[in-house]
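Encoded as structure tokens, the structure appears first; notes follow it.
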Amino acid sequence: MSDPEFVNGIVDNIMTNSNLSDIIEQIDAVQSENRELKELMYTQQKTINEMNIMLLKLFSQSVVAAPNPVTSPNPVTSPNPVTAPNPVTAPNPVTAPIQEAVTDTVAETEEEEKEEETEEEEEEAEEAVADDAVAEDAVVEDAVTE
């Protein structure tokens, strides 16, 4: 028994004992569902990121808007007021991490959006190349038949 006969026997067995077209149809359905779920996950992640940004902004605004200090009704004045040198403005230790987190989250969201756009452009380019190849094949077939 030669190898081609063995292979043909295996292929015939597979074709008679299984319905290949049903399997292929199931694969197409799973792929399209997978694509839809990925898009849904992306939009949900984008919404979560936007909500996190809004929450962090709200926290930073509430920390910055601290109540006014209590002032005494009769301020004490000194005959020779002492003036302090201009203070060095350092970042607020409370709001700095929040502002940094907001900036990082915005940057991550923008990067994810750019990656998604790049993937979509690549898919469109691949589809265009495939469409062009089909069109070229049709033109070649028309030319050959004429």
Notebook entry, point to check: Looking at this structure, is E126 surrounded by 12 or more Cβ atoms within 10 Å (Cβ to Cβ), of a type in the set (D, E, K, R) and at pLDDT below 85?
Noted result: no
Exactly one of E25, E5, E36 is over 30 Å from E112 (Cα atoms), modelled with pLDDT of 85 or more, of a type in the set (D, E) and in a helix (DSSP H, G or I), and that one is E5
Any residue at all in region 97-104 that's at pLDDT 70 or above, among the hydrophobic types (A, V, I, L, M, F, W, C), surrounded by 10 or more Cβ atoms within 10 Å (Cβ to Cβ) and on the phi < 0 side of the Ramachandran plot? no
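The values are calculated or read from the model by the stated rules, or taken from the named source; none is laboratory data. If you're wondering where the values come from, they're calculated on a predicted model, not measured in any experiment. Glycine gets a Cβ as well: all are built from the backbone with ideal geometry, and neighbour counts include every protein chain shown.
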